[in-house]
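Notes for the one structure printed next.
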Amino acid sequence: MALVKTENTGNVRIFNEFLEAKETFENKTNPVDLRLSALEYIINHKEIFYTLRMLTEMFNKNDDKDHVFIDYAFANFQIFPKREEDLKLLLDMLKSENAYLRNATIVFLQQHGKEAKDFIYSLMKSEDKDIRIFAINILGDVKFEDSIDMLREFIKNETDINALMTAIDYMGEIGEISDIPLLEEIKNKFNDAYVSFGIDLAIDRIKG
C-alpha cells in the first residue's frame, strides 16, 4: 500500500476502497493521522450515512481524543444531509449524551442556513410532542433570521400545553411588542392558569 508525504499530517495512506478505509478508521489503535486520512477518503466518497452513523455510535460518550474526528467530519461535509435516514441520525446526535457532539451538531446546523431550517421545521411538525419540544429547543440554539416567524406559526397551531409553553418561553426571549396580541389570544384560547402565568411572564420580558 503506497504512502504519500504531506506537509500537514506526515505519512498518509492512499486507500483503494471504502471497506479498507472503514476498517482503518474504526481501529482506535491506529495513529490519528492515519485515521484522519481514512475519514477523508470516506467523506470524499460521499459515504454520508456511514459517517453520521459512526459519529452517533462511536462517539456517544465524550472523550477528548475523539474531538479531532468530530470536528474534521463536520468541517468537511460537502453537502447537507437530505435523506430521511440521514436526518434521523442527525437527530440522534442532537440527543447524544456527548455534549461535544451535540454542540458540534448545533454549530453545523447554524452554518447551513435554509437547509438546516427545513430540517428543524420538519421536527416542529412531528406527531411526537417530545420531538416538537426538542425542535423548539434547537431553534433557540440555532437562532435563524426567521426563527421568530417559525415560532409564531408554531404557537398559533400547537395544541400540547408542554410544547406550547416551551415555545412561549422562547418567545419571551426573541418576541416583539407586536407579538403580544398573539400571546393574549393564546391565553384566552386555553384559559389555563399555567398557560396564563407563562404568557404573562413572556409578555413582561418582551416589554423589558
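The values are calculated or read from the model by the stated rules, or taken from the named source; none is laboratory data. Since the structure is predicted, the reported quantities are computational estimates derived from the model, not experimental observations. Cβ atoms come from the backbone with ideal geometry, glycine included; neighbour counts cover every protein chain shown.
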Scanning the range 166-180 for residues that are touching a Lys or Arg at 6+ places or on another chain (Cβ under 8 Å) and among the charged types (D, E, K, R), which turns out farthest from N137 (Cα to Cα)? D179
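Looking only at the range 13-33, filter to residues that are acidic (D, E) and under 15 Å from D66 (Cα atoms); which one of those is surrounded by the most Cβ atoms within 10 Å (Cβ to Cβ)? Spell out how you get there, then give the answer.
Step one: of the range 13-33, the residues acidic (D, E) are 17, 20, 23, 26, 33.
Filter again for under 15 Å from D66 (Cα atoms), leaving 26, 33.
Numbers: E26: 13, D33: 15.
Top of the filtered list is D33.
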Is the range 172-180 home to any residue that is at pLDDT below 95, part of a helix (DSSP H, G or I) and closer than 25 Å to L123 by Cβ? yes
Take the residues of the range 181-205 that are within 19 Å of G140 (Cα to Cα) and in contact with a helix residue (DSSP H, G or I) (Cβ under 6 Å, 6 or more places away or on another chain): which is surrounded by the most Cβ atoms within 10 Å (Cβ to Cβ)? I199
Failed item in (1) without any contact (Cβ under 8 Å) to a residue 12 or more places away in the chain; (2) under 26 Å from N60 (Cα atoms), with E145 passing the rest: (2)
Count - residues of the range 10-66 that are on the phi < 0 side of the Ramachandran plot and not in a loop (DSSP other than H, G, I, E, B): 39
Kindly indicate whether any position in the range 107-117 is modelled with pLDDT of 90 or more, of a type in the set (G, A, S) and out of contact with any Cys (no Cβ under 8 Å at 6 or more places or on another chain). no
Looking at the range 185-203 only, could you name the residues that are part of a helix (DSSP H, G or I) and either within 23 Å of D146 (Cβ to Cβ) or in contact (Cβ under 8 Å) with a residue 24 or more places away in the chain (or both)? E185, I186, F190, Y194, V195, G198, I199, L201, A202, I203
Kindly indicate the residue of the range 34-61 that is surrounded by 15 or more Cβ atoms within 10 Å (Cβ to Cβ) and charged (D, E, K, R) and also farthest from L91 (Cα to Cα) among those meeting that condition. R35
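Which is crowded, with 17+ Cβ neighbours inside 10 Å and either outside any helix (DSSP H, G or I) or at positive phi (or both), of F134, F119, F154, F144? Talk me through it step by step, then tell me what you get.
Working: F134 fails: either outside any helix (DSSP H, G or I) or at positive phi (or both); F119 fails: either outside any helix (DSSP H, G or I) or at positive phi (or both); F154 fails: either outside any helix (DSSP H, G or I) or at positive phi (or both).
Answer to the check: F144.
Is it true that E47 is within 17 Å of the chain's Cα centre (by Cα) and not hydrophobic (A, V, I, L, M, F, W, C)? Full working, then the answer.
Values: within 17 Å of the chain's Cα centre (by Cα): no; not hydrophobic (A, V, I, L, M, F, W, C): yes.
For E47, the condition - within 17 Å of the chain's Cα centre (by Cα) and not hydrophobic (A, V, I, L, M, F, W, C) - is not met.
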